[in-house]
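Everything below concerns the one structure shown next.
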Amino acid sequence: MKVDLHSHLLPGVDDGAKTMEESLVMLQGMAEVGIQHLYLTPHIRSSCFPNTPASLRPVFEEFRQAVARAGIAVRLDLCAEYYLDTSFMEAVRTGAPLLCFPGNYFLLELSMHQEPLFLFETLFEIQDKGYKVILAHPERYSFYREKMDIYRKLRQAGCLLQVNLFSFTGYYGKEVKSTVESLQKNRLVDLIATDIHMARQLELFQDKSLRKLLETIEVKNNQFL
Ligand SMILES: [Fe+2]
């Protein structure tokens, strides 16, 4: 996995890295397992992480300078993980700039426990504004667990499905592991990413099953290199 599309390394802006030191340890660890390009995706969620592109950019620049000083050779880009709520839809409707990947893709997160009302209508509206959706960790939404038909429908509606690498290790529990394995068996995985939040998760890269997985799984990550 040369490019990671989902990570919480930017220090002090969400529930990810707490300090610059921790961020640098995380980035160094990711470079050591072969990641060459990292999209930083801090949460943007009005109720608990009221970040904006303008508030995140100076923190990103400071981080980039610290990375250069530390001599870590990983390409960095700033994106975000947008939570689907009324503030987000307001931003879409008013044409406020979003932090996007190349191709106008952006990372979208749903509530973990409550199925959004009118999700497909909402996705249509978002796409009608010219955006393309990468759905973050579909295997973690309890209301869709093992419902492969829903995942197929989400892809047919234009979403790319981004699963978390550590879901395959059982880090989020047995049910998430089982769902991500079903997604893989049914060839419904478009992208794989770490969604790393803290330095102690680096040890998960040592899980032996991941090496085999990364050698065999077919994903579209390199489209974003
Ligand atoms: Fe995340």
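When the range 1-51 is limited to residues that are among the acidic types (Asp, Glu) and touching a residue at least 40 places away in the same chain (Cβ under 8 Å), the one that is surrounded by the fewest Cβ atoms within 10 Å (Cβ to Cβ) turns out to be Asp15. In the set Val133, Val176, only one residue is within 30 Å of Glu90 (Cβ to Cβ) and at pLDDT 95 or above; that residue is Val133.
Of the helices (runs of 4 or more DSSP H) lying entirely inside the range 3-102, the ones with 3 or more residues being under 28 Å from Asn222 (Cβ atoms) are found at 20-32, 53-70.
Taking the range 104-153 as the search range and keeping residues that are without any contact (Cβ under 8 Å) to a residue 12 or more places away in the chain and part of a loop (DSSP other than H, G, I, E, B), which one is surrounded by the fewest Cβ atoms within 10 Å (Cβ to Cβ)? The residue in question is Leu117.
Residues in the range 101-111 that are within 16 Å of the ligand (Cβ to nearest atom) and within 14 Å of Val133 (Cβ to Cβ) were compared, and the one that is nearest to the chain's Cα centre (by Cα) is Leu107.
Name the one entry in Val33, Val13 that is more than 17 Å from Phe63 (Cβ to Cβ) and either in contact with a strand residue (DSSP E or B) (Cβ under 9 Å, 6 or more places away or on another chain) or away from the ligand (no atom under 13 Å from the Cβ) (or both).
The match here is Val33.
Every condition in (1) more than 13 Å from the ligand (Cβ to nearest atom); (2) of a type in the set (Lys, Arg); (3) more than 17 Å from Leu225 (Cα to Cα) is met by Arg45 except one, and the failing one is (1). Among the candidates Leu210, Leu188, the residue that is aliphatic (A, V, I, L, M), modelled with pLDDT of 95 or more and either part of a loop (DSSP other than H, G, I, E, B) or more than 26 Å from Leu119 (Cα to Cα) (or both) is uniquely Leu188.
Scanning the range 112-145 for residues that are within 14 Å of the ligand (Cβ to nearest atom) and among the β-branched types (Val, Ile, Thr) gives a single hit, Ile134.
Evaluation of Met148 against the conditions (1) within 16 Å of the ligand (Cβ to nearest atom); (2) more than 28 Å from Gly29 (Cα to Cα); (3) among the hydrophobic types (A, V, I, L, M, F, W, C) shows that the sole unmet condition is (1).
Count of the range 179-199 residues, restricted to those that are out of contact with any Asp or Glu (no Cβ under 7 Å at 6 or more places or on another chain), away from the ligand (no atom under 16 Å from the Cβ) and of a type outside the set (Asp, Glu), is 6.
The values are calculated or read from the model by the stated rules, or taken from the named source; none is laboratory data. What you are looking at is a predicted structure, and each value in this text was computed from that prediction instead of being measured. Here Cβ is always computed from backbone atoms with ideal geometry, including for glycine, and neighbour counts include all displayed protein chains.
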